[in-house]
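All of the numbers you see were taken from the coordinates with simple rules; none came from a lab. This structure is a prediction, so every number in the text was calculated from the model and none was measured. Here the Cβ is made from the backbone with ideal geometry for all residues, glycine too, and neighbour counts use every protein chain on show.
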Amino acid sequence: MYLVRKDLPDGLTEICAPGDGDLEYISLAVFRTDGSGSLAEKTGENEVALVVLSGTVDIKADDIEMKNIGSRPDVFSGKASAVFVPRNSSFEIKGTGLPAETAVCRVAAAGDGDVRLILPDDVKVKTVGAHNWRRQVHDIIDLRTPASRIVLGETFNPPGNWSSFPPHRHDEDRLPLEVNMEEVYHFRLKPSQGFGFQRIYTDDRSMDEVFVLQDCDTTIMPRGYHPVAAAPGYQLYYLWILAGTGRVLQPFDDPEHAWIKGAENIIKCL
């Protein structure tokens, strides 16, 4: 099971967890509130990233109270706000009177850390690729955040464009070429009736799956290359969560398609 499709009613919806699709570390849930709901959890042995997808919420992590977190009406309308909560802690999310949605990203922790508030100005934005594989990548939780395993961000595909391209994987620990990390993508589309595609495959094709992506779908990638495409006319977004034996982002490009990076420099000069 590498594609998960669930309705997201008000309240907490669990989407995936260790054991699903060969995941070892990552679990993902989405908490929706009509403005009056709340969610309280203890992190236990997980470190947790709370990413406000839309609306505004109040978040309390241990004894730290953070008011009116989140400033975008939907994921396509600006940079994210997030809170990192380390293991052996607690958190509470409360509605502020209007509908809001928060991704609850849990990762089995290998160490301790500190509560961190990540505001939109803290998000690193970069444009990656060229031509019809150009996309925007937002780094939300990276090495600047004192976590033990989790790395997290958002990718925005313009209509008709590809991302995670050239196809890359992160299956093995063999620096400086690659670091072993599993990954989860959570998708949104604008307009919401749109669709996209994702292929997940390995060199020996022991895994070779293609999925039609709909709004609010989630894909699980324990291994393999995993390119994504948006249908013409539809913006495609995904929240990405990585965890593994290290936090260095060092993907390995499929050798059959790695040449495309050389073409990027030529296209950018035209």
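Assorted remarks:
- HN-Hα J in Hz across the range 214-223 - Karplus 6.51, -1.76, 1.60, θ = phi - 60°, x for Gly and Pro: 10, 4, 6, 5, 9, 10, 10, 10, x, 6
- With neighbours defined as other Cβ atoms within 10 Å of a residue's Cβ, the residues Thr43, Thr33 order from fewest to most as Thr43, Thr33.
- Under 5 Å, built H, 5+ apart or other chain: amide partners of Phe195: Ala231
- Taking the empirical scaling 2.2 N^0.38 Å for compact globular proteins as reference, the chain has a Cα radius of gyration ratio of 0.97.
- A rounded overall shape is assigned to the range 1-129, the ratio a/c of its alpha-carbon gyration tensor axes (a ≥ b ≥ c) being less than 1.5.
- Ordering Val83, Val212 by the number of other Cβ atoms within 10 Å of each residue's own Cβ, fewest first, gives Val212, Val83.
- Euclidean distance of C-alpha centroids, the range 29-66 and the range 209-267, integer Å: 28
- Look at Cys16, Cys105 and count the other Cβ atoms within 10 Å of each Cβ; fewest to most, that gives Cys16, Cys105.
- Cα-based shape type of the range 128-207, given that a ≥ b ≥ c are square roots of the gyration tensor eigenvalues and the cut on a/c is 1.5: oblate
- Peptides 215-222, 18-25, 135-142 ranked from most to least packed give 215-222, 135-142, 18-25, packing being the mean of other C-beta atoms within 10 angstrom over each peptide's residues.
- The H on the amide N of Asp203, modeled in the peptide plane, is under 5 Å from the matching H of no residue at least 5 residues off or on a different chain.
- Among the listed pairs Lys6/Lys190; Lys126/Lys261; Lys6/Lys67; Lys94/Lys126, those beyond 22 Å (Cα-Cα): Lys6/Lys67; Lys94/Lys126
- Shape of the range 172-270, Cα gyration tensor, a/c cut at 1.5: oblate
- Listed values for the range 93-108 are Karplus-derived 3J(HN,Hα) couplings in whole Hz (6.51 cos²θ - 1.76 cosθ + 1.60, θ = phi - 60°), namely 10, 10, x, 10, x, 10, x, 8, 9, 10, 7, 9, 10, 10, 9, 4, and x replaces Gly and Pro.
- Entry note, the chain: the mean residue ellipticity at 222 nm calculated from DSSP H runs of n ≥ 4, each adding -39500 (n - 2.57), is -1000 deg cm²/dmol after division by the residues and rounding to the nearest 500.
- Where chymotrypsin sites (Phe, Trp or Tyr not before Pro) fall in DSSP loop in the range 76-150, at most 15 other Cβ within 10 Å: Phe76
- Karplus 3J(HN,Hα) series, Hz, for the range 139-145 with 6.51 cos²θ - 1.76 cosθ + 1.60 (x for Gly, Pro): 8, 9, 10, 9, 5, 6, 9
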